[in-house]
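**Student:** Mind having a look at this structure? Questions to follow.
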Amino acid sequence: MTRTSLETVLAILREEFDELLSAWLETQKAEGVRRPDLFSDRESRRQLGELLRGLGDGIDAADDQRTLNLEAEPWAGLRAALEEVTHERVERGVSPSEMATFVLALKQPVFARLRQKLEAAPDKLIEEITEFSRLLDAVAMHTNEHFIAERDQIIERQRTEMMELSTPVVQLWDRVLTIPLIGTLDSVRAQEVMENLLNSIVEESAEVVIVDITGVRVVDTQVAQHLLRTAAAVRLMGAEAIISGISPKIAQTMVELGVDVGEVTTRPTIRAALSDAFRKVGFSIERRGDADRG
Amino acid sequence: MAEAASVYLVERVLLVAIRDNITDTEIMNLQEELSDRIVAEGARGVVIDIAALEIVDTFVGRVLAQLSSMARLLAAETYVVGMRPAVAMTLVELGMDLSGSKTALSLSHALRRLRRDGLA
């Protein structure tokens, strides 16, 4: 004898497993969340089968239905199956409401079977329907929570990838590095820039680094502060920073804001900065005598 | 004292390597020993290697700055070399840019510059 009030549901889950699975698939199809474009029939059947098995095992093993806690031990199988299904659907860009409908589509076939079985006992019928609804809602909620957690992970991953992409340190010549800054320079990015730059200085034994701000949209006091700090840190490491790409407009703003660059070298173009850097590390660029004069 | 930092004289340049867990007292003693030795050996340059230091607080930062000013008064040029990226970021964060002392990537870089300036 089971200790659950969901004995009829459990019986259906056990005895009519295959029929229920097919019915669930059918309902999903009718609701438009079956997604044959993303998952093959076989894969779907396997996944739904594992969900049903997990659900049955959970109902069977959970002794107190009053305190429904999907984090508890009996539901481990269901959770694992759910998380697998959710994971795959997040990866393939399924929406949260689709995900919830996917789970809730089980209600209809189960209710239909319950009504048949408990025709003679309306009280029991209502009790089991309420109970099962509660359970399935919790499952859908859990799915949604997991769905959001998965999405957050993806966003976080993309953010770090973007960070890495947005702060590339490039070696221009022996002992000369450049870091072209593009977009906005907030505190987080400024920190990232500084870290990357200082580590590259050590790796490449760089003596001059050109911080190019041609692509920086706005230079306000905060951005200027970040740039000057970076230059100061570069100097502490024993290298020299040149800030290049200062447009006339930026120069005007900086003066209006009262930004004092102190001893930091600034150049209007990366070209001017590069020839400066060459001189500092002891190289010079010459035009060959026989070169075409353009 | 000898364990907290090692000091060598090479071609009129004092090479100082600071150990990682130097205490505040030890670094104060080092400051004193260095000023004595700059005069005694007639050193024209001081190179302080802090590559071993993983943490530099305001106190150590200030002592490093003082060391440079003191050496300059005694006619010696000071280079702080081998600073780690994390240390550089912390110092900048603390608003200490050691503007009084020169910096170089490594000992050899500092020696090259001292030679270029005719001090070594």
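The values are calculated or read from the model by the stated rules, or taken from the named source; none is laboratory data. Here the structure is a predicted model, which is why all the values come from computation and not from measurement. In this analysis, Cβ positions are derived from the backbone assuming ideal geometry, glycine residues included, and neighbour counts consider all displayed protein chains. Calculation scope for accessible area: heavy atoms of the full protein, side chains included, ligands and nucleic acids excluded. Shrake-Rupley method; radii C 1.70, N 1.55, O 1.52, S 1.80 Å.
**Student:** A:GLU286 versus A:ASN199, label points 7 Å from Cα toward the beta carbon: distance in nm?
**Tutor:** Placing both labels 7 Å along Cα→Cβ, they lie 4.1 nm apart.
**Student:** Right, another one. Considering only DSSP states other than H, G, I, E and B, which trypsin sites (Lys or Arg not before Pro) in the stretch A:209-294 qualify as loop sites with at most 12 other Cβ atoms within 10 Å?
**Tutor:** A:ARG217, A:ARG287, A:ARG288, A:ARG293
**Student:** Quick check: Cα centre of the stretch A:189-245 to Cα centre of the stretch A:42-57, how many Å?
**Tutor:** Comparing the Cα centres of the stretch A:189-245 and the stretch A:42-57, I get a distance of 55 Å.
**Student:** What is the pair-distance distribution P(r) of the protein assembly as shown, computed from all Cα-Cα distances in 20 Å bins starting at 0, with each bin given as a whole percent?
**Tutor:** 21, 29, 20, 22, 7, 0
**Student:** Now a separate question. So if we plug the beta-carbon distance of A:ARG115 and A:ALA61 into 1/(1 + (r/R0)^6) with R0 = 22 Å, what FRET efficiency do we get, rounded to 0.05?
**Tutor:** So the FRET efficiency works out to roughly 0.25.
**Student:** In addition: Check which residues have an amide H placed less than 5 Å from A:ARG267's amide H, if you skip close sequence neighbours.
**Tutor:** Under 5 Å from the amide H of A:ARG267: A:ILE243, A:SER244, A:GLY245, A:ILE246.
**Student:** Still on this structure: Using 1/(1 + (r/R0)^6) with R0 = 22 angstrom and r between the beta carbons of A:ILE154 and A:SER40, what's the FRET efficiency to the nearest 0.05?
**Tutor:** About 0.40, to the nearest 0.05.
**Student:** If amide H atoms are built 1.01 Å from N in the plane of the peptide, which residues on other chains or at least 5 residues away come under 5 Å of the amide H of A:VAL216?
**Tutor:** A:GLY183
**Student:** Now, a different point. Assuming a strict under-24 Å limit between Cα atoms, what lysine pair count do you get for the protein assembly as shown once near-sequence pairs (fewer than 8 apart, same chain) are dropped? Write down the numbers at each step before the final one.
**Tutor:** On the way: A:LYS29/A:LYS107; A:LYS107/A:LYS117; A:LYS107/A:LYS124; A:LYS280/B:LYS102.
Here the count comes out as 4.
**Student:** Calculate the spin-label point distance for A:ALA30 paired with A:MET163, positioning each point 7 Å from the Cα along the beta-carbon direction, and give it in nanometres.
**Tutor:** Going by the 7 Å Cα→Cβ label model, 4.9 nm.
**Student:** Given a 1.4 Å probe, show me the residues in the stretch A:222-240 buried by at least 40 Å² of accessible surface when comparing the whole protein assembly to the chain alone.
**Tutor:** When all protein chains are present, A:ARG229, A:ARG235, A:LEU236, A:MET237, A:GLY238 each give up 40 Å² or more of accessible surface.
**Student:** Please sort through the DSSP H helices of chain A and keep those with an alpha-carbon extent of at least 20 Å along the long axis and a Kyte-Doolittle average not below -0.5.
**Tutor:** A:17-31, A:76-91, A:187-204, A:221-236
**Student:** Ok, one more. Write down the percent of antiparallel bridges among all DSSP beta bridges whose residues are both part of the stretch B:5-109, to the nearest 5.
**Tutor:** Antiparallel bridges make up about 30 percent of those DSSP assigns within the stretch B:5-109.
**Student:** Once the Cβ-Cβ distance between B:ARG12 and B:LEU94 is put in as r, and R0 is 25 Å, what FRET efficiency do you end up with, to the nearest 0.05?
**Tutor:** Taking R0 as 25 Å, the efficiency between B:ARG12 and B:LEU94 is 0.15.
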